[in-house]
Amino acid sequence: MAYKKIILLLSVVLVIRLSQCERLHEQIYSSIEGGAACFQRLNGTHQAGCKSPMNGAVGVVQMIDDVSDAAWLVNNATAGPYMAVVNTAMFLDVIDLFMLKSDNIAGILIYQNGTARPKTFSQESTCPNEVSSDPASQCPASSGVSWNMGGTGLLRRNIPFPIFYLPQTRIEEIDKINNCFQRYNLDRANQNGKPLCSIQLKSFMFAAVNSEVCLRRSTTSALLTPTKVCDPLGDQNVYFSLFPRGKGVEVKTKPITLVTARIDSASLFDGLAPGAASSVVGMVTLLMSAVTLSKMLPISDSQLYDSNVVWNLFNGESYDYIGSQRVAYEMKFGAWPTFAPMDSSDVKLHVELGQIGGSLNLYSENASWPLYAYAAESYTPVTEFLNEMLTNAKQFNMTLLPVFTKNIPPSSLHSFRRILKNETESGEFPEVLLVDYKDTFTNAYYESVFDDADNIGFVYRNISVGPDGQFVPTSALLANGTIREWDVQVKISRLATALALTLYQRVAGKPYADDVDASAHLADEMLYCFLRSQACRLLLAAAYATSTVEVPVASAAPLYVGVAAQSNTPAIFAGHLLALLAGTHLPLNKTGCDALNKPGFSYYWLRGWNHTGVCMQTTMNFTQAVSPAFLLQDYDMSSGMYSTWTESVWAAMWARVFVSGSGGGARAAALAGAAATLAAALLTYWLSKHADLLFKQPADSIANDAASGSVTGHRYFEL
């Protein structure tokens with residue numbers, strides 16, 4: 001029983017000690033909550049992005065209020081390395097200096113300036129996707145021509161220190177850091193040998209060098225056990241056709257007008273890729289035009305027409321056009337999409353909805369909205385489309401200026417112009433790009449955290465949706481003053497209507513004579529879902545109907561493409577919206593819906609507007625958005641033909657602030673330890689030298705030794 005009491009006592013002591021250690025840890029370290037870290041991606045030639053050492057980067061806090069603070073930090077500071085804390089308004093002014101002289105920089109903590117946005121804030125390069133552009137493009141970095149004037153190129157550069165970002169909603173964390181800085185670090189001249197406010201950032205990345213190396217390391221190891229250190233970037237594309245296609249559906253193959261846009265966006269920081277002007281406006285315009293045209297030309301009338309329209313949303317376009325490269329590659333071999341293959345000869349016109357959101361906030365009540373149509377040549381299908389589109393746009397106070405040049409802006413057209421070079425240059429595969437800028441982007445926040453709802457001037461109207469998804473017509477909203485003619489919802493709905501009218505004319509061969517148009521109410525809901533909250537009624541109705549209802553988080557889903565091994569929500573959202581809004585409602589239960597398998601269609605059991613489940617018949621489907629580089633055996637990763645981007649694996653990312661010791665205590669402890677060690681060594685030596693004087697041998701032992709003859713002249717003294 002005694003030993004059980006001893007074990008119990010030791011357990012109690014251990015628990016008390018652990019709780020004391022935990023309290024001590026909380027007193028020393030304070031977590032910085034709500035931050036987003038810059039992480040690492042790799043391509044066929046190099047690595048890009050940020051990483052910290054395995055145990056995190058530690059640096060003394062220095063608040064950067066102006067450029068002189070940054071200059072002092074890299075040139076004169078002596079207590080480093082330092083952790084620079086800088087707001088977004090100052091970031092672009094100091095990042096190049098920190099990158100150039102990084103020896104004294106442990107990391108950077110960026111926080112959003114709540115009073116004013118910077119004039120530009122883009123981590124993309126001045127020539128986005130330069131290595132995957134058509135050779136006729138005039139925007140290589142060496143030429144001095146650039147589309148993205150404010151681009152810093154940080155997305156493509158290897159940054160030698162970790163960077164974390166704090167949004168305006170977490171400004172109390174900056175107040176905590178600033179208070180610590182004011183208390184301990186304000187005296188720059190006397191920082192050595194004193195306690196200092198410090199920050200630790202951890203964002204260690206397992207991958208390194210380039211995609212080829214990291215993928216090889218992911219498939220082999222010294223113990224022959226695969227350990228994943230990176231994944232190829234990729235996701236899903238969204239496919240939708242006006243009329244069903246494929247074997248058993250079409251009597252003869254119908255010529256196709258291909259309409260495309262992009263889903264994804266990017267930023268330097270994990271989980272923050274809003275993409276309002278970069279991608280969301282184009283995506284919403286495409287979705288609304290598809291929904292509108294499906295009402296003008298119902299599937300039941302498909303046999304009346306000799307042409308078709310196919311919409312496709314590409315994913316991964318921020319990283320050398322992953323999604324469009326995959327489509328162009330498969331189309332080259334007549335293998336896209338797998339369930340209804342087509343080749344380039346089937347496509348009579350390709351219309352790309354490019355970046356059209358940057359100017360939405362620039363033109364108000366009485367100004368027309370200027371759009372530009374880029375095309376390499378004035379082929380007949382292109383000029384016919386532009387003439388029809390211009391006529392339809394004029395009635396909605398929009399202008400459309402054709403620009404015929406081989407210097408096509410960054411867009412998915414570059415994938416087709418490179419992979420289907422013969423077809424595009426001969427005019428067999430004519431292409432046109434619709435954008436809202438000429439010469440340079442109107443979007444000053446391209447591929448950044450500031451490309452959000454405020455960037456396009458979006459204000460949610462929160463108009464009630466009627467039973468079974470009834471949306472209020474734009475004309476009614478304008479008449480009752482709920483919405484104004486120059487609001488972004490109206491502009492987008494007008495553009496979607498003009499595009500649908502133009503596509504109708506291409507299919508039907510005559511102008512549309514009815515009054516169906518795209519609703520600004522629907523645009524209001526879609527923008528809210530993609531830019532404000534996933535927990536919106538539109539996406540809740542379009543979600544899978546499952547036995548367990550999972551309520552999405554009340555924040556926007558990041559539009560970053562992610563990795564091919566895991567599907568992200570934006571592509572699924574977009575596909576399900578097409579199924580719900582442009583599909584056919586069948587009066588079946590889930591069992592009956594799942595049993596359907598009619599050629600040319602897919603069937604989805606969605607929640608529906610009353611959340612009880614609805615069977616939707618649709619031509620929508622998903623296709624892979626993974627670069628051909630990861631499909632081909634022995635592909636040369638440095639060739640630049642296809643996208644080779646991968647993303648590093650990481651374990652955890654966090655940040656914390658604490659007060660580091662002055663060093664005096666540590667030095668005193670070290671000296672005391674050295675002195676104690678030396679004293680112990682001397683004492684041990686003296687004891688061993690004089691052991692016979694200090695320790696008494698028992699008399700019995702002496703007598704026994706004498707009797708056995710083992711005593712040979714030694715003398716013993718008793719103390």
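The values are calculated or read from the model by the stated rules, or taken from the named source; none is laboratory data. Bear in mind the structure is a predicted one, so any value in this text is a computation, not a measurement. Cβ: placed from backbone, ideal geometry, glycine included. Neighbour counts: every protein chain shown. These accessible areas exclude ligands, DNA and RNA; they are computed on the full protein's heavy atoms, side chains included. Shrake-Rupley method; radii C 1.70, N 1.55, O 1.52, S 1.80 Å.
Does residue 359 satisfy the condition of being open to solvent by 10 Å² or more (accessible area, probe 1.4 Å) and at pLDDT below 95? Against the criterion (open to solvent by 10 Å² or more (accessible area, probe 1.4 Å) and at pLDDT below 95), residue 359 does not qualify.
Scanning segment 219-244 for residues that are assigned to a loop (DSSP other than H, G, I, E, B) and modelled with pLDDT of 95 or more returns 242, 243, 244.
Any residue in segment 428-436 that is out of contact with any Asp or Glu (no Cβ under 7 Å at 6 or more places or on another chain) and open to solvent by 50 Å² or more (accessible area, probe 1.4 Å)? So far as segment 428-436 goes, yes, one or more of its residues are out of contact with any Asp or Glu (no Cβ under 7 Å at 6 or more places or on another chain) and open to solvent by 50 Å² or more (accessible area, probe 1.4 Å). Taken together, the criteria exclude residue 645 from residues that are open to solvent by 30 Å² or more (accessible area, probe 1.4 Å) and either in contact with a Gly (Cβ under 9 Å, 6 or more places away or on another chain) or modelled with pLDDT under 95 (or both). Could you tell me which residue of segment 175-196 is modelled with the highest pLDDT, considering only residues that are in contact with a Ser or Thr (Cβ under 8 Å, 6 or more places away or on another chain) and not in a helix (DSSP H, G or I)? Going through the qualifying residues, I end up with 196.
So which residues in segment 81-96 are in contact (Cβ under 8 Å) with a residue 60 or more places away in the chain and open to solvent by less than 10 Å² (accessible area, probe 1.4 Å)? Correct list: 83, 85, 88.
Annotation: of all residues in segment 443-481 being touching a helix residue (DSSP H, G or I) at 6+ places or on another chain (Cβ under 8 Å) and of a type in the set (Ser, Thr, Tyr), the one that is surrounded by the most Cβ atoms within 10 Å (Cβ to Cβ) is 446. Just a yes or no: is a residue in segment 264-283 hydroxyl-bearing (Ser, Thr, Tyr), open to solvent by less than 10 Å² (accessible area, probe 1.4 Å), more than 30 Å from residue 657 (Cβ to Cβ) and outside any helix (DSSP H, G or I)? Checked against the condition, which is being hydroxyl-bearing (Ser, Thr, Tyr), open to solvent by less than 10 Å² (accessible area, probe 1.4 Å), more than 30 Å from residue 657 (Cβ to Cβ) and outside any helix (DSSP H, G or I), segment 264-283 yields at least one hit.
Being under 24 Å from residue 359 (Cα atoms) and free of Cβ contacts under 8 Å to residues at least 60 places away in the same chain narrows it down to one residue among 408, 456, 483; which is it? Of 408, 456, 483, the one residue that is under 24 Å from residue 359 (Cα atoms) and free of Cβ contacts under 8 Å to residues at least 60 places away in the same chain is 483. Residue check: residue 388 meets all listed conditions (1) within 22 Å of residue 324 (Cα to Cα); (2) of a type outside the set (A, V, I, L, M, F, W, C); (3) at pLDDT 95 or above; (4) not in a loop (DSSP other than H, G, I, E, B) but one, namely (1).
Of the residues that make up segment 112-123, is at least one touching a residue at least 24 places away in the same chain (Cβ under 8 Å) and assigned to a helix (DSSP H, G or I)? Checking segment 112-123: not a single residue is touching a residue at least 24 places away in the same chain (Cβ under 8 Å) and assigned to a helix (DSSP H, G or I).
Contact annotation: residue pairs with Cβ atoms under 7 Å, 6 or more positions apart or on different chains, pairing a residue in segment 208-219 that is under 16 Å from residue 636 (Cβ atoms) with a partner that is β-branched (Val, Ile, Thr), are 210/45; 211/644; 211/646; 215/646. Within segment 555-578, the residues that satisfy the criterion of being surrounded by fewer than 23 Cβ atoms within 10 Å (Cβ to Cβ) and part of a helix (DSSP H, G or I) are 569, 572.
Check residue 492 against each of (1) modelled with pLDDT of 95 or more; (2) surrounded by fewer than 24 Cβ atoms within 10 Å (Cβ to Cβ) and name the one condition it does not meet. Checking residue 492 against (1) modelled with pLDDT of 95 or more; (2) surrounded by fewer than 24 Cβ atoms within 10 Å (Cβ to Cβ), the one that fails is (2). Only one of the numbered conditions (1) crowded, with 23+ Cβ neighbours inside 10 Å; (2) of a type outside the set (Gly, Ala, Ser); (3) not in a loop (DSSP other than H, G, I, E, B) is violated by residue 320, and that is (3).
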